[in-house]
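Worksheet: the structure to be examined is printed underneath.
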Amino acid sequence: MARANFARDGFSFYKPKGAQGFVEPVPCQVATAYGTALYVGQPVQWVSDGSVALSAANSGSIYGVITAILQYRNADGVLVRNARYLPASTSYTADSERSMVMVAQADTAYFVVDGDDATSLTTIANARAVVGENADHIFGTADTSLGLPATSLDISTHAVTATLQWRIEGILEQPGNDVVLKTAARFVVSANLLSQRDGLPAVLGV
């Protein structure tokens with residue numbers, strides 16, 4: 001029997017934009033009873049109340065990418081740490097029980113992410129031709145047991161339009177990534193539509 005495709009693992013840190021060797025993730029809180037599950041590898045935006053929330057596909061600005069689920073209070077009142085994902089509608093009252101995630105800030109980092117299809121770009125030359133263009137991210141059906149977010153780059157949206165969410169910086173140079181006729185082709189990207197800590201978006205692309 002053929003094996004079903006795995007949910008993708010979303011965005012992962014690739015390298016810093018500056019000379020430093022690593023981007024130090026920062027702890028961020030998630031609002032109590034926030035109605036959407038959050039996974040490592042998903043992009044989030046800054047909210048004016050001081051929390052982070054999922055960056056909506058095709059429109060949301062980007063503060064950073066979740067690198068870890070620090071803690072949350074589950075339905076039994078138990079404080080769960082280092083979880084695979086943060087379930088939706090998780091409520092807390094005490095400050096020590098806040099839902100917390102670690103976030104790699106997007107203004108200082110490049111990320112790697114899978115393209116979502118194998119038909120938009122049919123050759124490696126086609127893929128290299130879109131470097132410098134922009135694209136949005138997209139969400140599939142996440143895998144709660146493995147903690148995979150099924151988040152990917154909506155490669156069919158690639159265009160020079162500055163308001164798309166991510167700048168395509170290149171194709172990941174690694175063995176097995178030289179064929180774009182597969183959904184797992186890996187792209188190096190940087191956030192194009194940034195969410196500042198005051199909650200206001202800033203478009204970096206041109």
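Observations on the structure shown:
For (1) at pLDDT below 90; (2) closer than 15 Å to residue 192 by Cα; (3) of a type outside the set (Ser, Thr, Tyr); (4) in contact with a strand residue (DSSP E or B) (Cβ under 6 Å, 6 or more places away or on another chain), each residue gets a yes or a no:
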| site | (1), (2), (3), (4) |
| --- | --- |
| 58 | no, yes, yes, yes |
| 84 | no, no, yes, no |
| 135 | no, yes, yes, yes |
| 152 | no, no, no, yes |
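Here is a yes/no grid of residues against (1) buried (at least 21 other Cβ atoms within 10 Å of the Cβ); (2) more than 23 Å from residue 140 (Cβ to Cβ):
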position: 51; (1), (2): no, yes
position: 69; (1), (2): yes, no
position: 75; (1), (2): no, yes
position: 78; (1), (2): no, yes
position: 83; (1), (2): no, no
position: 90; (1), (2): yes, no
position: 101; (1), (2): yes, no
position: 119; (1), (2): no, no
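- Taking the range 16-49 as the range and being open to solvent by 60 Å² or more (accessible area, probe 1.4 Å) and at pLDDT 95 or above as the test, the residues that pass are 27, 32.
- Any chance residue 89 is touching a Gly at 6+ places or on another chain (Cβ under 7 Å) and modelled with pLDDT of 95 or more: yes
- Near pairs, Cβ below 7 angstrom, 6+ apart or cross-chain, from the range 143-165 (farther than 20 Å from residue 190 by Cβ and open to solvent by less than 20 Å² (accessible area, probe 1.4 Å)) to any residue that is in a loop (DSSP other than H, G, I, E, B) and not β-branched (Val, Ile, Thr): 147/84; 150/7; 150/8; 150/140; 150/142
- Applying the criterion of being modelled with pLDDT under 75 and closer than 12 Å to residue 163 by Cβ to the residues of the range 189-205, the residue that is surrounded by the most Cβ atoms within 10 Å (Cβ to Cβ) is 205.
- Hey, residue 183 surrounded by fewer than 13 Cβ atoms within 10 Å (Cβ to Cβ), modelled with pLDDT under 90 and not aliphatic (A, V, I, L, M) or not: no
- Filter pass, residue 41 being in a loop (DSSP other than H, G, I, E, B) and within 19 Å of residue 113 (Cβ to Cβ): yes
The values are calculated or read from the model by the stated rules, or taken from the named source; none is laboratory data. This one's a predicted model, so the numbers in the text were calculated from it and none came from an experiment. Every residue, glycine as well, gets a Cβ built from its backbone with ideal geometry; the counts of neighbours run over all protein chains shown. The protein model used for the area step is the full one, side chains on, heavy atoms only, and it has no ligands, DNA or RNA in it. Shrake-Rupley method; radii C 1.70, N 1.55, O 1.52, S 1.80 Å.
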